[in-house]
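Written below as structure tokens is the structure these notes are about.
Computed from the coordinates by the stated procedures, all read-outs in this text should not be read as laboratory data. Because the structure is a prediction, the values reported are computed rather than measured. Reconstructed Cβ throughout: ideal geometry from the backbone, glycine too, with neighbour counts over all protein chains shown.
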Amino acid sequence: MRLKDKVAIITGSGQGIGEAIARRFSAEGAKVVIDDIVQERIDRVTEDLKAEGVDVLGVNADVSNYSQVHMLIQKTVKAFGTVDILVNNAGIIRDATIMKMSEEYWDEVIDVNLKGAYNCIHHVGPVMKKNQYGKIISISSAVRFGNIGQANYSASKAGLVGLTRTTALEYGRYGINVNAIAPGYIETKMIANIPPKIREMAISTIPLHRTGQVVDISNLCLFLASDESSYITGQVIQCDGGLKMP
Ligand SMILES: NC(=O)c1ccc[n+]([C@@H]2O[C@H](COP(=O)([O-])OP(=O)(O)OC[C@H]3O[C@@H](n4cnc5c(N)ncnc54)[C@H](O)[C@@H]3O)[C@@H](O)[C@H]2O)c1
């Protein structure tokens with residue numbers, strides 16, 4: 001058991017990559033908090049995990065909302081006594097080329113993907129500082145290097161890198177490791193609507209010639225959440241079949 005009795009919050013864990021991370025962590029002994037904004041998703045995952053005997057708490061908190069995130073951390077501490085691991089996974093896309101991109105699209109993506117991570121890191125900091133222990137992992141993206149039609153998303157995911165590095169600098173003295181994962185194309189609902197032709201073209205640019213699975217991300221996230229990675233901080237690790245080699 002690599003995370004025995006550790007308390008982990010995974011944002012946006014009602015489906016997709018976040019759900020896979022929550023399941024992987026709980027299989028390694030963690031108590032998990034399923035945060036999402038869609039109640040049915042929270043209910044499905046929490047009921048499933050409860051049936052497996054996992055200590056699980058479901059919280060409906062919008063990461064882009066400062067006070068709801070405060071409530072998320074408070075509810076976690078009340079239920080489980082502390083927070084050891086935070087995974088900033090909640091993320092959305094609202095694609096359009098820049099000239100066609102509305103202010104609303106821009107703000108929504110930056111608010112959830114970037115401000116959401118700030119809200120969580122900001123509110124969890126004092127809890128982890130008190131423990132002199134913590135693991136913070138944010139899910140960035142290979143798209144942080146730029147992608148046509150995704151200026152808002154790319155900026156938010158590149159912003160997460162600056163946030164990760166700065167938090168690593170500030171929180172390191174408190175025994176907190178802060179890292180990011182940059183996935184490529186991972187099979188979830190987020191990429192389900194890519195037209196087949198574009199999908200084929202995308203796959204042809206991946207050195208491993210295939211898309212990734214959620215388990216590829218949850219395995220790496222487990223490593224970064226465990227003490228096996230205790231001397232790694234401030235890093236962004238690509239998990240993309242070789243798509244980007246920065
Ligand atoms: N799937 C990919 O190919 C891929 C690639 C690179 C990065 N990512 C990143 O991985 C993360 C997870 O992606 P996914 O593919 O599992 O997406 P997904 O859309 O399948 O799941 C995201 C979950 O986050 C929840 N969510 C949305 N807004 C929220 C908010 N404001 N507060 C709390 N929860 C919220 C959604 O309800 C949903 O359950 C995202 O940050 C995404 O940008 C995904």
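Report the residues of region 1-28 in range of a label on ASN219: point 7 Å along Cα→C-beta, backbone N strictly under 19 Å from it. Inside the label zone: 1-3, 16-28. For the peptides 115-125, 38-48, 146-156, 200-210, the ranking by packing is 115-125, 146-156, 38-48, 200-210, with the highest mean count of neighbouring Cβ atoms within 10 Å listed first. The chymotrypsin sites (Phe, Trp or Tyr not before Pro) of region 177-246 that meet both conditions, a loop assignment by DSSP and at most 15 other Cβ atoms within 10 Å of the site Cβ, are TYR231. Charge tally around VAL178: other residues with Cβ under 11 Å, Lys/Arg +1 each, Asp/Glu -1 each, net +1.
Under 14 Å Cα to Cα from LYS115, which aspartates and glutamates show up? Leave out anything in the same chain fewer than 8 places away. Reachable aspartates and glutamates: ASP62, ASP107. Within the shell of other residues whose beta carbon sits under 15 angstrom from the beta carbon of LYS129, the net charge comes to +1, with Lys and Arg scored +1 and Asp and Glu -1. Only Cα pairs under 8 Å and 6+ residues apart enter the sum, and on that basis the relative contact order of the chain stands at 19 percent. The share of C-alpha pairs in region 91-246 whose separation exceeds 19 Å stands at 57 percent. Taking each DSSP H run with n ≥ 4 as -39500 (n - 2.57) and averaging over every residue of the chain yields -13500 deg cm²/dmol at 222 nm. For a straight C-alpha distance cut-off of 21 angstrom, the lysines reachable from LYS31 (same-chain residues fewer than eight places away being disregarded) are LYS4, LYS6, LYS50, LYS75, LYS78, LYS129, LYS130, LYS135. Other residues with beta-carbon under 10 Å from the beta-carbon of ALA61 carry, at +1 per Lys or Arg and -1 per Asp or Glu, a net charge of -2.
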